[in-house]
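A.B. asks: This is the structure, below, for whatever I ask next.
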Amino acid sequence: MSALGQAASAEWVKVRSVRSTAVTLTVFAVLSLGFARLVGGSLEDSFYGGDTLSATFMGLLITQLILVTFAVASVGSEYSTGTIRASLAAVPSRGRLFAAKMTVVGAAVAVTVLPVELAAFAIVQGLAGDKAAGWTDWETIESLLGGWISLTLMCVFAAAITVLTRSTVWTLAILLPILFLSGQGLGNLDAIRPVIQYFPDQVGMVIMHMTIPGDPTFGRDYGAWTGIGILVLWTAAALGAGWLAMRRRDA
Amino acid sequence: MIEVSNLSKRYRGGTAVDDLSFTVEPGRVTGFLGPNGAGKSTTIRLILGLDRPTSGHATVNGRPYASLARPLHEVGALLEAGDLHPTRTAREHLRWLARSNGIGERRIGEVLEETGMAGAAGKRAKTFSLGMKQRLGVAAALLGDPGVLILDEPVNGLDPEGVVWIRNLMKRLAAEGRTVLVSSHLMAEMALTAQHLVVIGRGRLLVDEPMEKFLASHSGASLEEAFMTLTSESVDYRSGTSRTGNTR
């Protein structure tokens, strides 16, 4: 196995061997399906307008906070427990350790999100009756694919930011209010929307059917895949900054 | 073999390691002594590439630690024994270390046996006493069967049986031809374990000589008294007396 493969294998053991992984990912799955059932029951609400994709992502956008917590804690716990020293002694190449960690956290989130997202959509579809969207419509595939990418990249973004802060608490203290809470509420105020709409938690909203370009209240100045493209840029920037910090700093 | 050459580490607040040079030879236990705050742990972190030196360099078997692709096969280190995730078991802790360096599953069982941790292998680290954490740290250091061992204050928290165990283990590892560097702030403990002595104070080298020579030249006083005299100029503070003189 390559040195990077060995480092990734070690990261995978780290992720699966702590209790918080099983707890957070299980809570994410259970709550996501619960929200799907709940929101699916009020599909006629004017907000969704019978759009089962919109209703599916309503719940997932709330439960993604649990995923972000998992991603942040996976990195932050290395610093809070001091195992980062043993990690760097075992894998002295900082770039390799960073790449392995980000890959494993991203992969763990990706394989968790996909089945949960599909199951949540299936639940909403089941409640929608004749309003159910076609599973093979491009709009459905595009939205589910984009949502999967979006939720996964948000977690990689958060994990990379945690390498900068070296703290679970600080990362959550910064990310949760700025990105997730003010972004969703204040992001619709006319005064700041031109800027906030480009925040990483906002750029996936179009593809997830939470808004449509040009909508007077919730609208965005970009399209679905442009939004994903912006999120890729955010993630790349966070990864670049995290990699630099890891290379430069003392452990 | 470990070589430290003109190593310095300065922080914004001051100097932790100051132009330090010494060599740790294989086949004997080298005691690395100094009062608290002397720079022992910083030196070890610099050797392991965890911290970046301000100037100078350190090598292990002739190479900088950071250039080793699978370092656990060459160097085993025990740093802070408490560096464990509280909900990860002893076996899983060793497993991720083993995986990172391509070490087989069988070796995990061997080091658990060797350190007396086999019975606690499936227990989570938060249930461990400090002594058990030290044993797990030693197990981790031995994992890659390395020729160089660096142990930072391994005796801390061990019960008398554990102290005798670690003492004999270090002697055995050195007798097998390995390089063993063990730090301590307890002179008496080192006198029983180490064949060679490196003493630092305020980051500077004070003594680098065989233990026998050091003992002979301080035969009149107790070991701790000799140690205190030696390092009196370089401790950060001492209860009841104000610091007189400053080496810098």
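The values are calculated or read from the model by the stated rules, or taken from the named source; none is laboratory data. Because the structure is a prediction, the values reported are computed rather than measured. So basically every Cβ, Gly included, is an ideal-geometry build from the backbone, and we count neighbours across all protein chains shown. All accessible areas refer to the heavy atoms of the entire protein, side chains included, with ligands and DNA or RNA removed. Shrake-Rupley method; radii C 1.70, N 1.55, O 1.52, S 1.80 Å.
A.B. asks: Applying 1/(1 + (r/R0)^6) with R0 = 41 Å to the Cβ-Cβ distance of A:ILE192 and A:THR136, what FRET efficiency is obtained, to the nearest 0.05?
C.D. replies: 0.55
A.B. asks: Pop a pseudo-label 7 angstrom from the Cα along the beta-carbon direction at both A:ALA241 and B:SER222 and give the gap in nm to one decimal.
C.D. replies: Taking the simple label geometry, A:ALA241 and B:SER222 are separated by 5.6 nm.
A.B. asks: Rounded to the nearest 10 Å², what accessible area does A:LYS131 have for a 1.4 Å probe in the complete protein model?
C.D. replies: 100 Å²
A.B. asks: Between B:ASN61 and A:ARG16, with labels modelled 7 Å along Cα→Cβ, what's the label distance in nm to one decimal, could you check?
C.D. replies: About 3.0 nm separates the two model spin labels.
A.B. asks: With θ taken as phi - 60° and the coefficients 6.51, -1.76 and 1.60, list the Karplus ³J(HN,Hα) couplings across the stretch A:166-176 in order, rounded to whole Hz; mark glycine and proline as x.
C.D. replies: Result, ordered by residue: 6, 8, 4, 5, 5, 5, 5, 5, 7, 6, 4 Hz.
A.B. asks: Over chain B, with a Gaussian network built from C-alpha contacts below 10 Å, which listed residue (B:PRO86, B:PRO64, B:PRO160) shows the highest mean-square fluctuation?
C.D. replies: B:PRO160
A.B. asks: Hey, got the dipole for chain A? About the Cα centre, +1 on K and R Cβ, -1 on D and E Cβ, debye to the nearest 20?
C.D. replies: Approximately 1460 debye in magnitude.
A.B. asks: For chain B, would you read off the P(r) tail past 29 Å as a percentage of all alpha carbon pairs?
C.D. replies: The answer is 30 percent, as a whole percent.
A.B. asks: Taking H as built 1.01 Å from N, whose amide H comes closer than 5 Å to the amide H of B:LYS9, not counting residues under 5 places away?
C.D. replies: Amide H to amide H, under 5 Å and 5 or more residues apart or across chains, B:LYS9 pairs with B:ALA16, B:VAL17, B:ASP18, B:ASP19, B:THR54.
A.B. asks: Once the dipole of the protein assembly as shown is set up with Lys and Arg at +1 and Asp and Glu at -1 on Cβ about the Cα centre, which of A:TRP234, A:MET208, B:SER55 lies farthest towards its positive end?
C.D. replies: B:SER55
A.B. asks: Moving on. Mind checking which of A:GLY5, A:VAL113, B:VAL198 is farthest towards the positive end of the protein assembly as shown's charge dipole, using Cβ charges of +1 (Lys, Arg) and -1 (Asp, Glu) about the Cα centre?
C.D. replies: The Cα lying farthest towards the positive end belongs to B:VAL198.
A.B. asks: What does the charge dipole of chain B about its Cα centre add up to, to the nearest 20 debye, if the Cβ of each Lys and Arg holds +1 and the Cβ of each Asp and Glu holds -1?
C.D. replies: Magnitude of the dipole: close to 820 debye.
A.B. asks: Students sometimes get this wrong: rank B:GLU105, B:GLU3 by accessible area, probe 1.4 Å, all chains present, largest first.
C.D. replies: B:GLU105, B:GLU3
A.B. asks: Here's another thing I want to ask about it. Need the list of lysines near B:LYS9 for cross-linking: C-alpha distance under 26 angstrom, and skip anything on the same chain fewer than eight residues off.
C.D. replies: B:LYS40
A.B. asks: Can you give the FRET efficiency for B:MET1 and B:GLU114, using 1/(1 + (r/R0)^6), R0 = 30 Å, r = Cβ-Cβ distance, to the nearest 0.05?
C.D. replies: Calculated value: 0.80.
A.B. asks: Using amide H atoms built in the peptide plane, which far-off residues or other-chain residues are under 5 Å from B:GLY76 H to H?
C.D. replies: Under 5 Å from the amide H of B:GLY76: B:VAL148, B:LEU149, B:ILE150.
A.B. asks: Just order A:132-142, A:196-206 by mean Cβ neighbour count inside 10 Å, highest at the front, would you?
C.D. replies: A:196-206, A:132-142
A.B. asks: Probe 1.4 Å, all protein chains in place: accessible area of B:HIS85 in Å², nearest 10?
C.D. replies: Accessible area, nearest 10 Å²: 20 Å².
A.B. asks: Antiparallel DSSP bridges in the protein assembly as shown: what percent, to the nearest 5?
C.D. replies: Antiparallel: roughly 55 percent of the beta bridges in the protein assembly as shown.
A.B. asks: As an exercise, find the ratio Rg/Rh for the protein assembly as shown from alpha-carbon atoms, using the Kirkwood inverse-distance average for Rh.
C.D. replies: Using only Cα positions, Rg/Rh for the protein assembly as shown is 1.10.
A.B. asks: With the solvent-accessible surface defined on protein heavy atoms using a 1.4 Å probe, which residues belonging to the stretch B:87-120 display a reduction of at least 40 Å² in accessible area in the multichain context relative to the isolated chain?
C.D. replies: B:THR87, B:ARG88, B:GLU92, B:TRP96, B:ARG99, B:SER100
A.B. asks: Take every residue in peptide A:6-16, count the Cβ atoms of other chains within 10 Å of its Cβ, and give the average of those counts.
C.D. replies: 5
A.B. asks: If you don't mind, there's one more thing I want to ask. So which GluC sites (Glu not before Pro) in the stretch B:147-211 end up in coil per DSSP with only 13 or fewer other C-beta atoms within 10 Å?
C.D. replies: B:GLU176
A.B. asks: Here's a follow-up. Per residue, how many Å² of accessible area does the protein assembly as shown show with a 1.4 Å probe?
C.D. replies: So the protein assembly as shown comes to 41 Å² accessible per residue, rounded to a whole number.
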